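My structure is below; once you've seen it, I'll send some questions.
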Amino acid sequence: MMLTDLTIAQAVEGLRKRDFSATELTKAHTGAISQLNGRLNAYITVTADKAEAAAAEADKALVAGDAPALTGIPLGIKDLFCTEGVRTTAGSRILSNFVPPYESTVTANLLKNGAIFLGKTNLDEFAMGSANLTSAFGEVENPWHRTGDSSVLVPGGSSGGSAAAVAAHLAMGATGTDTGGSIRQPAAYCGIVGLKPTYGRCSRWGTIAFASSLDQAGPMTRTVEDAAIMLQAMAGHDPKDSTSADIAVPDYRAATTRSLKGLRVGIPAEYRPDGMSEELLAVWQKGIDMLREAGCEIVDVSLPHTKYGLATYYIIAPAECSSNLARYDGVRFGVRAEGATSLDDLYEKSRHNGFGEEVRRRILVGTYVLSAGYYDAYYLKAQKVRTLIQRDFTNAFEKVDVLLTPTAPTAAFGRDEKPEDPVQMYLNDIFTVPASMAGQPAMSVPVTLDSKGLPLGLQLIGRHFDEETLIAAGAALEKAAAFTARPDLRAGAAA
Amino acid sequence: MSYTIEGSTGTWEIVVGLEVHAQVISHSKLFSGASTVFGAEPNTQVSLIDAGFPGMLPVINHECVAQAVRTGLGLKARINLESRFDRKNYFYADLPQGYQISQFAHPIVGEGSIGIELSDGSTRDIGITRLHLEQDAGKLIHDQDPKLSLVDLNRAGVSLMEIVSEPDIRTPEEAGAYLRKLRQILRYLGTCDGNMDEGSMRADVNVSVRHAGEPFRTRCEIKNVNSIRFVMQAIEIEAARQVEVWESGGTVDQETRLFDPARSETRSLRSKEDAHDYRYFPDPDLLPLVIGQNWVDQLKASLPELPDEKRARFQKDYGITAYDAGVLVAEQAIADFYESVAKGRDGKSAAAWMTGDFFAALNRTGKSIDESPVGADKLGAMLDLIADSTINGKIAKDVLETMFETGETPLEIVERKGLRQVTDTGAIEKAADDVIANNTDKLEQYRGGKDKLFGFFVGQVMKATQGKANPAMVNEILRRKIDG
Amino acid sequence: MSLDLATTRRIAKLARIGLNDQETEAVRAQLGGILGWIEILNEVDVEGIPPMIGTSMNTALAQRPDVVTDGNCQEKVLSNAPDRAGPFFTVPKVVE
């Protein structure tokens, strides 16, 4: 077995038993990155030297017996988390030279727990996208391919670089951020686990904002237990983030072995839209059966406002982004356009050149829906519908403890199959957006391969601040599914 | 006093509302831990939050909330236990985030009022619409480079209170009185230092004109006027301009204007096609601000006595006139000084001395009350010397002057200069006898009915005693001698 | 819902996204499509429904004590400036 094949849980144990050193573990990953990243483009910035230096320190701590939970574990960091002294781009040209003089709370928490950062993973520009096609640093390739078909598939988005890196064993785990599905959907496309915690569970301080009322950091890993271990280190109250919850963080790893006897699992009728593939329906049914066998009670529930989730999202997220991205103006940081003749000229040139098409589009939609005369009809209305969506969840969670749905309507699609119409592209988020709108925690777990050999994931949605039930149910699903398939393109097995 | 403009189409009255931006007194900024001290090196009092760096988030300063509530209570206004912060979105070089965090839809303070007094003695209440908290912007420097404006963010993020009045003001004088009264209240409360020349209090002036009885006409907003005098001038000039526009058949456009005191004119600041659309929406980085009634009550209980109440109490407790009381409560420090002097003494005499010779001496030396070389204890000691007849009032004037020069106690001066009042009857009798003997002609005239000459004799006796004789005794003795 | 070019230009100006004419037309069409699609919300009755505030957070806004804990980091603040003049950021001359 190669070191890059280990789970985080296994590596934590192996490091402590000195079966291998942190340096060996890190070098195995930096080696794999240098071998594969040229093709996958999962990392925008690789910090191999820094990682190896940190690994040497980790080894000292491990020898001294003074090693916190994640000591020596090499991770990828989505390039949306500001990292002190390490360029942070948000996948955008406008930040292509930005070196933060500060460390985000989430990454600082991981460093405090001993984690080693391999580099900054690729993403859709400012986390806006579902296929990792909008990064200014190039597209990311999904390490999976259809059986007998070498066409390049997208890894999903926006945390596509993190998903591809974890799936291809170029990191043991990675941080992601999820605004409307940006952790869960790429996790499903790449056959890994992705957990979006409750809004407020992980601090947003130092993470570049897309839509502030939705953005939430979370772990992307190859197992549910690994997600629990990473989340443990990432989560917690942060006085620097006014929307961070002052609620104790439970022992997530302990939840992985919790019994599911009597757990009530809701199956929402509205996640079965017309035209859903038979294959996806079958996978969903398979998941239902697995949880029933694990002792769960299956309950039909209704979330009647589900179909309004996407439209609501595509008002609120652009509105917030139009304001959040106003600070990128070429004055205090980032790339400034040359030859501007006036202040407005500077703004317009810097922002036109600095932002890609999708980001510009969302800023414009957001500007429009907030503009005079339209605020009530769009933004205020959407926030009211959002209340209705949240009430749907609150009502459902009176009857059940967790919901089970598909994560995405399809498996990963081809880079050439990208729909021209932005609205068609937005439909990828149809199952992930409602939980985001309501702030619920949700997790995607890989369950099986489809007939073309691509992974499909199922989504669990929980009550606010009850990530433990997600982890318990996710671990049971994972165990029953015994999903061991790995992509053809991965460390040590590259085609 | 009414103020109207006579035009060719009749008489115009002016309608004015004021939006005052008052910098909150706090150590750190509204949403960041950077210092608020005035005059620091450029871009030193700036956190990465103030500079709008990616991923930076606001956390509200509790003291700024308390200061807004105190101010609301001081303006007898409704305190909103739940308020919210909104983003006001626009691009400008002094606005690092691309939006200002402000309170648009749900301010922390609602309706209140300020009572003003005018020079003719009349009083009026001016309504307060609201008070809300918001961030200040940075500063642009235009005169250091031919092609560039330089950006200093030291002030960016400092907490402001925007205090909005109803359009109740009808004369430039009322606007001045409103601003002076507001500044006085803020200073008493310790919520804003009111220094307009440092920019810690600035006014936006909304002006329109109308014929009496008409509904409001279009108003113009004159931005950032930085002295009370300029506010009053700007209103006069802008109102005259608007009357001229209306009377020449034009229409006044709703716009932002700038007052140029050097040219005595207001001019349009932004062109119409550049009209702002601020796209306000609730700031998703901040939850609603919820405060408890109990806490508000505690703040209320700990408020200092405000000028109106203090003035009434001074009149009642010390028996002084409304005018004197008004002068003495103008500033907290003066009022405190007065109370130290007046406590346990004759309040009227204390008021007369303070508003008279004492203020005159301060003015002459160019000192504020806090810098006065004569403290309340010394002034009080001087009043005591008058009260116990150690010196008389005339000598006291000289003593006070010497106190300002040397810093001695009044008693030291009296002793050193030998100014003790002469109360020795024999000495006064002798002086009186001498004066009478040397002025027999005057005595004749006096006795012949020229009553006014009594004062001459008093003056001569005082002169003979170097002013130290007790004036009452001089009077009594002279009466006995020359009337007898 | 269709969007006219003038509105598209006004929005682009508000957002300081400099668009050329060709881009403006493309954006106009796309925005129209997106705005048409989100009109599905018209069918939702929101009478008496309060807007969402704070998502999962039902606590009041936390407040910090009034202590100077930040700032005094001029070099950090200026470290990423694309252009600076001594201790200042710069912008093209603004005429006020």
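The values are calculated or read from the model by the stated rules, or taken from the named source; none is laboratory data. All of these numbers come straight from a predicted model, not from anything done at the bench. Cβ coordinates were reconstructed from backbone atoms using ideal geometry, including for glycine residues, and neighbour counts include every protein chain displayed. Heavy atoms of the whole protein, side chains included, go into the accessibility calculation; ligands, DNA and RNA do not. Shrake-Rupley method; radii C 1.70, N 1.55, O 1.52, S 1.80 Å.
Too long at a 32 Å Cα-Cα cut-off: which of A:Lys384/B:Lys139; A:Lys78/A:Lys261; B:Lys29/B:Lys316; A:Lys349/B:Lys139? Can you show the working numbers first?
Numbers: A:Lys384/B:Lys139 39 Å; A:Lys78/A:Lys261 37 Å; B:Lys29/B:Lys316 42 Å; A:Lys349/B:Lys139 23 Å.
Pairs exceeding the cut-off: A:Lys384/B:Lys139; A:Lys78/A:Lys261; B:Lys29/B:Lys316.
Here is a further query. What is the packing order of peptides A:304-317, B:411-424, C:5-18, taking the mean over residues of other C-beta atoms within 10 Å and listing the highest first? Working shown, then result.
Numbers: A:304-317: 23.9, B:411-424: 16.4, C:5-18: 19.9.
Ranking the peptides A:304-317, B:411-424, C:5-18 by packing returns A:304-317, C:5-18, B:411-424.
While we're here: Tell me, what is the 1.4 Å probe accessible area of A:Trp144, in Å² to the nearest 10?
Accessible area, nearest 10 Å²: 10 Å².
I need the shape label for chain B. Rule: rounded when a/c is under 1.5, else prolate if a/b > b/c, else oblate, with a, b, c from the alpha carbon gyration tensor.
On the way: a/c = 2.79, a/b = 2.05, b/c = 1.36.
Note, shape of chain B comes out prolate.
Residues of the stretch A:205-250 with accessible area at least 40 Å² lower in the all-protein-chain context than alone (1.4 Å probe)?
A:Trp205, A:Ser242, A:Thr243
Please give the average number of partner chain Cβ atoms lying within 10 Å of the Cβ of each residue in B:94-101, rounded to a whole number.
If you average over the peptide's residues, the count of other-chain Cβ atoms is 4.
Another one. May I ask you to derive the FRET efficiency for A:Ala282 and A:Glu338 from their Cβ-Cβ distance with R0 = 51 Å, giving the value to the nearest 0.05? List each step's numbers first, then the result.
Numbers: r = 57 Å, r/R0 = 1.11.
The pair A:Ala282/A:Glu338 has a calculated efficiency of 0.35.
Any idea of the total accessible area buried by the C-A contact, 1.4 Å probe, rounded to 100 Å²? Let's see the in-between values first.
Details: alone 9220 and 18110 Å², together 22370 Å².
The summed interface area works out to 5000 Å².
Rounded, prolate or oblate: which fits chain A, taking a ≥ b ≥ c as square roots of the Cα gyration tensor eigenvalues, rounded meaning a/c under 1.5, else prolate when a/b beats b/c? Kindly include the intermediate steps, with their values, before the conclusion.
On the way: a/c = 1.41, a/b = 1.03, b/c = 1.36.
Because its axes are fairly even, with a/c under 1.5, chain A counts as rounded.
For the stretch A:1-159, which whole percent of the accessible surface, found with a 1.4 angstrom probe, sits on carbon and sulfur atoms?
Numbers: 2690 of 5200 Å².
The C+S portion of the solvent-accessible surface of the stretch A:1-159 is 52 percent.
What residues qualify as long-range amide H neighbours of B:Tyr99, i.e. H under 5 Å apart, gap of 5 or more or another chain, H built at 1.01 Å from N?
B:Tyr90
Computing the accessible area with a 1.4 Å probe over protein heavy atoms, can you report the carbon and sulfur percentage for the stretch A:413-478?
Numbers: 810 of 1730 Å².
It is 47 percent, rounded to a whole number.
May I pose another question? Once Lys and Arg get +1 and Asp and Glu get -1 on their Cβ, which of A:Asn324, C:Gly54, B:Phe456 lies farthest toward the positive end of the dipole of the protein assembly as shown?
Among A:Asn324, C:Gly54, B:Phe456, the one farthest towards the positive end of the dipole of the protein assembly as shown is B:Phe456.
Moving to a separate point now. Mind checking the mean number of beta-carbon atoms from other chains within 10 Å of the Cβ atoms in C:38-51?
Values: counts 15, 3, 6, 10, 3, 2, 10, 3, 9, 1, 1, 8, 3, 10.
Mean number of neighbouring Cβ atoms from other chains: 6.
Using only protein heavy atoms and a 1.4 Å probe, how much accessible area in total is buried between B and C, to the nearest 100 Å²? Before the final figure, lay out the partial values.
Working: alone 23590 and 9220 Å², together 29090 Å².
Buried: approximately 3700 Å² between C and B.
A further question follows. How big is the B/A interface in buried accessible area, both sides summed, 1.4 Å probe, to the nearest 100 Å²? Present the calculation step by step, with values, prior to reporting the outcome.
On the way: alone 23590 and 18110 Å², together 38960 Å².
Result for this pair: about 2700 Å² buried.
Please give the FRET efficiency for A:Lys261 paired with A:Ala61, using the beta carbon to beta carbon distance and R0 = 41 Å, rounded to the nearest 0.05. Could you put the intermediate results ahead of the total?
On the way: r = 40 Å, r/R0 = 0.98.
So, using R0 = 41 Å, E works out to roughly 0.55.
Follow-up. Spelling out what I want: for every residue of the stretch A:300-306, take phi, set θ = phi - 60°, compute 6.51 cos²θ - 1.76 cosθ + 1.60 (Karplus), and round to whole Hz; glycine and proline get x.
Computed from phi, the couplings for the stretch A:300-306 are 6, 10, 10, 10, x, 8, 3 Hz.
Also, I was wondering about something else. Based on alpha-carbon atoms only, what is the radius of gyration of the protein assembly as shown relative to the globular estimate 2.2 N^0.38 Å?
On the way: Rg = 38.1 Å, N = 1075, 2.2 N^0.38 = 31.2 Å.
It is 1.22.
Also, I was wondering about something else. Which whole-number percent is the relative contact order of the stretch B:1-64 (Cα, under 8 Å, 6+ apart)?
On the way: 52 pairs, mean separation 17.3, N = 64.
Taking the mean separation of contacting Cα pairs over the length of the stretch B:1-64, I get 27 percent.
Accessible area per residue, 1.4 Å probe, Å², for the protein assembly as shown: what's the number? Before the final figure, lay out each step's value.
Numbers: 39960 Å² over 1075 residues.
Each residue of the protein assembly as shown exposes 37 Å² on average to a 1.4 Å probe.
Same structure again: Please list, ordered by chain and number, the residues whose modelled amide H lies under 5 Å from the amide H of B:Leu148; skip anything fewer than 5 residues away on the same chain.
C:Lys93
Do you know the relative contact order of the stretch B:425-482, to the nearest whole percent, from alpha carbon pairs under 8 angstrom that are 6+ apart?
Working: 38 pairs, mean separation 25.8, N = 58.
Worked out over the stretch B:425-482, it gives 44 percent.
Can you list the DSSP H helices in chain A whose Cα atoms extend at least 18 Å along the helix axis and whose mean Kyte-Doolittle hydropathy is 0.0 or higher? Before the final figure, lay out the partial values.
Values: long enough: A:22-40 (26 Å, -0.24); A:48-64 (24 Å, 0.14); A:278-293 (22 Å, -0.21); A:309-324 (22 Å, 0.42); A:357-370 (20 Å, 0.13); A:381-399 (28 Å, -0.94); A:467-481 (20 Å, 0.49).
Result, helices passing both filters: A:48-64, A:309-324, A:357-370, A:467-481.
Expressed as a rounded percentage, what relative contact order does the stretch B:330-479 have, with Cα pairs under 8 Å and six or more residues apart? Present the calculation step by step, with values, prior to reporting the outcome.
On the way: 133 pairs, mean separation 30.8, N = 150.
Once normalised by length, the contact order is 21 percent.
Can you give the calculated 222 nm mean residue ellipticity of chain B, where each DSSP H run of n ≥ 4 adds -39,500 (n - 2.57) and the sum is split over every residue, rounded to the nearest 500 deg cm²/dmol?
Details: 16 runs with 180 residues, N = 484.
Taken over chain B, the calculation gives -11500 deg cm²/dmol.
Right, another one. Within chain A, what is the longest stretch that has no GluC sites (Glu not before Pro) placed in a DSSP loop and near at most 14 other beta-carbon atoms within 10 Å?
Values: sites that count: A:Glu338, A:Glu420.
It works out to A:1-337.
Quick check: at a probe of 1.4 Å, how many percent of the accessible area of the stretch B:175-225 sits on carbon and sulfur atoms? Display every interim value, and only then the final one.
Working: 740 of 1730 Å².
The C+S portion of the solvent-accessible surface of the stretch B:175-225 is 43 percent.
What's the average, rounded to a whole number, of partner chain beta-carbon atoms within 10 Å of each residue's beta-carbon in A:341-351? Write out the running numbers ahead of the final one.
Values: counts 3, 5, 11, 8, 3, 7, 10, 8, 2, 3, 5.
For peptide A:341-351, the averaged partner shielding equals 6.
With every protein chain left in place and a probe of 1.4 Å, what is the accessible surface of B:Met196, to the nearest 10 Å²?
In the full protein context, B:Met196 sits at about 10 Å².
Sticking with this one: Does the stretch B:1-57 classify as rounded, prolate or oblate by the C-alpha gyration tensor (a ≥ b ≥ c root eigenvalues; a/c under 1.5 gives rounded; else a/b over b/c gives prolate, otherwise oblate)?
Details: a/c = 4.23, a/b = 3.29, b/c = 1.29.
It comes out prolate by the Cα gyration axes.
Taking only Cα atoms, what is the 0 to 90° angle, nearest 10, from helix B:228-247's long axis to the longest principal axis of chain B?
So the helix axis and the longest Cα principal axis differ by about 60 degrees.
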